[in-house]
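Worksheet: one structure, shown below.
The values are calculated or read from the model by the stated rules, or taken from the named source; none is laboratory data. Everything quoted here is computed from the prediction, not taken from an experiment. Cβ placement follows ideal geometry from the backbone for every residue including glycine, while neighbour counts extend to all protein chains displayed. The accessibility values were calculated without ligands, DNA or RNA, using every heavy atom of the protein model including side chains. Shrake-Rupley method; radii C 1.70, N 1.55, O 1.52, S 1.80 Å.
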Amino acid sequence: MRLDRFLCELNIGTRSQVKELIKKGNVSVNGLIITKSDTNINETSDEVLFKGEKLRYRKYVYIMINKPDGVVTATRDKNLPTVMDLIKPLPVKDMSPVGRLDRDTTGLLLITNDGELSHRLLSPKYHVDKTYLVTCEHSLSENDINRLCEGVDIGDDEPTLPARVKTSNGTDIFLTIHEGRFHQVKRMLEAVDNKVTKLKRVSFGPLDLPGDLKEGEWRELTEDEIQKIIFK
Ligand code: URA
């Protein structure tokens, strides 16, 4: 891979910015300062330092974030902070969220540059389970729970697919759905004459939101978690 492309992939800057940085002697390969942008390197075995710091190349990066309230799930927004603003520095270019959580929803969100995986995880064909801790305005009756489990009419062409409900305490429930329709959980609770007052996603496919990942915090997936999500 060309040295300038390598630096671009790792989000160091635009093509022209990295060319300039290379020219100015900010980059070394295997201990030698390289000033020519078109130098070819082996991205996995050569040791590349940028301003003295070692760069680690990965084609794909997978991040989990505990999305806080008030932050939008988008790559950019004119007025509001986005989940991408919370991840600094972005380890590679072209990262984006896998699906979306509403602005007031908190919890587990994946962010990756692996477009194919993202597409697969969101495809209705794959029925990836998503579990939410839902705080409702009123406690749910046995009948409400049965209706949510069987599928409810939320005003779309089709009722929702069967879901799972585990009661927690009082007005809290754990709701697992396999689809990702717009405002689905909120609309499901409205369909049983209730209202969501707080919504937090606690798992996505095989991944659970770690108890020690506070709102606004993020980390890369472990190798084990990557294998789980890729082979889901
Ligand atoms: N369902 C909703 O209503 N909102 C979310 O953010 C996610 C699922």
Checklist outcome for this item: A careful count of residues in segment 99-109 that are surrounded by 22 or more Cβ atoms within 10 Å (Cβ to Cβ) and either more than 16 Å from the ligand (Cβ to nearest atom) or within 8 Å of the chain's Cα centre (by Cα) (or both) gives 2
Checklist entry - Can you name every residue in segment 180-195 that is within 7 Å of the ligand (Cβ to nearest atom) and either over 17 Å from Leu108 (Cα atoms) or open to solvent by less than 50 Å² (accessible area, probe 1.4 Å) (or both)? => result Gln184, Val185, Lys186, Arg187
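Do you know which residues across segment 36-67 are of a type outside the set (D, E, K, R) and either under 17 Å from the mean Cα position of the chain (by Cα) or at positive phi (or both)?
At the first step, the residues of segment 36-67 found to be of a type outside the set (D, E, K, R) are 37, 39-42, 44-45, 48-50, 52, 55, 57, 60-66.
Correct list: Gly52, Tyr60, Val61, Tyr62, Ile63, Met64, Ile65, Asn66.
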Item to check | Scan of segment 111-128 for residues that are within 15 Å of the ligand (Cβ to nearest atom), open to solvent by 10 Å² or more (accessible area, probe 1.4 Å) and under 12 Å from the mean Cα position of the chain (by Cα), ordered by number | outcome: Leu122
